[in-house]
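What follows is a short report on a single structure.
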Amino acid sequence: MKTTDQAWLTITGTGFQSGMTVTIGKKVFTNVSTTPTLFKVQLPIGTMTGAKYDVQVSRKDGATVRLAGVITVRGAPPVITKVNPTSMRTGSGTVQVTISGNQFSSQVIVRVGNNQPLTYVKRTKNQIVVKVSQKNLKRGQKLGISVRNPDDLVATATSNLIVK
């Protein structure tokens, strides 16, 4: 995500009024849209890191409500843009599969088919190379490919790795 990406936080309740401020963690937000029972605040996603945050709502008259750890900000999900090769043969060796995309964390977990997580040969923020065993594969089998970051955000390839 770009640092200019925005998300809306909507809170419902009672007693809201114009001029309210919202503090999330240590950041104070005044760009609030308010009705007596609802308010919204626009959050700049790229400036908040993956963590839990306290939320404090303050009215002009000094009334304040604080909720501890109620917002969890997660990182951007991984995205798979390309898998190469797109097919492999049965056999006894391994095939190197390159997964291209973005937002791959340094602790990414890669699965091809229903196998255990694979160890990567190479990993960057935009590319992962793994070795896939050709053992126990059947012709015509379609192996799904997924990439999971430690915060449980997952990308699944739009096409499968086909066994020929």
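Figures for the structure shown
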item	result
Evaluation of Val129 against (1) under 29 Å from Val73 (Cβ atoms); (2) in contact with a strand residue (DSSP E or B) (Cβ under 7 Å, 6 or more places away or on another chain); (3) β-branched (Val, Ile, Thr) (one fails), failing number	(1)
Filter pass, Ala155 being in the same structural domain as Lys26 (by TED's automatic domain parsing), in contact with a strand residue (DSSP E or B) (Cβ under 9 Å, 6 or more places away or on another chain) and not in a loop (DSSP other than H, G, I, E, B)	no
Residue match in segment 84-93 (condition: touching a strand residue (DSSP E or B) at 6+ places or on another chain (Cβ under 8 Å), at pLDDT 80 or above and outside the structural domain of Gln127 (by TED's automatic domain parsing))	no
Residues satisfying the stated conditions in segment 142-159, i.e. surrounded by fewer than 19 Cβ atoms within 10 Å (Cβ to Cβ) and within 27 Å of Arg74 (Cβ to Cβ)	Gly144, Ser146, Pro150, Asp151, Asp152, Leu153, Val154, Thr156, Thr158, Ser159
Segment 60-94, residues that are more than 28 Å from the chain's Cα centre (by Cα) and over 30 Å from Thr34 (Cβ atoms)	Met88, Arg89, Thr90, Gly91, Ser92, Gly93, Thr94
Evaluation of Thr158 against (1) closer than 30 Å to Ile24 by Cα; (2) modelled with pLDDT under 90; (3) under 21 Å from the mean Cα position of the chain (by Cα) (one fails), failing number	(1)
Residues within segment 114-154 that are on the phi > 0 side of the Ramachandran plot and at pLDDT 90 or above, tallied	1
Any chance Lys52 is of a type outside the set (S, T, N, Q) and over 30 Å from Gly144 (Cα atoms)	yes
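The values are calculated or read from the model by the stated rules, or taken from the named source; none is laboratory data. In this text the structure is predicted, and so the values were computed from the model without any measurement. We place every Cβ from the backbone using ideal geometry, glycine too, and count neighbours over all the protein chains shown.
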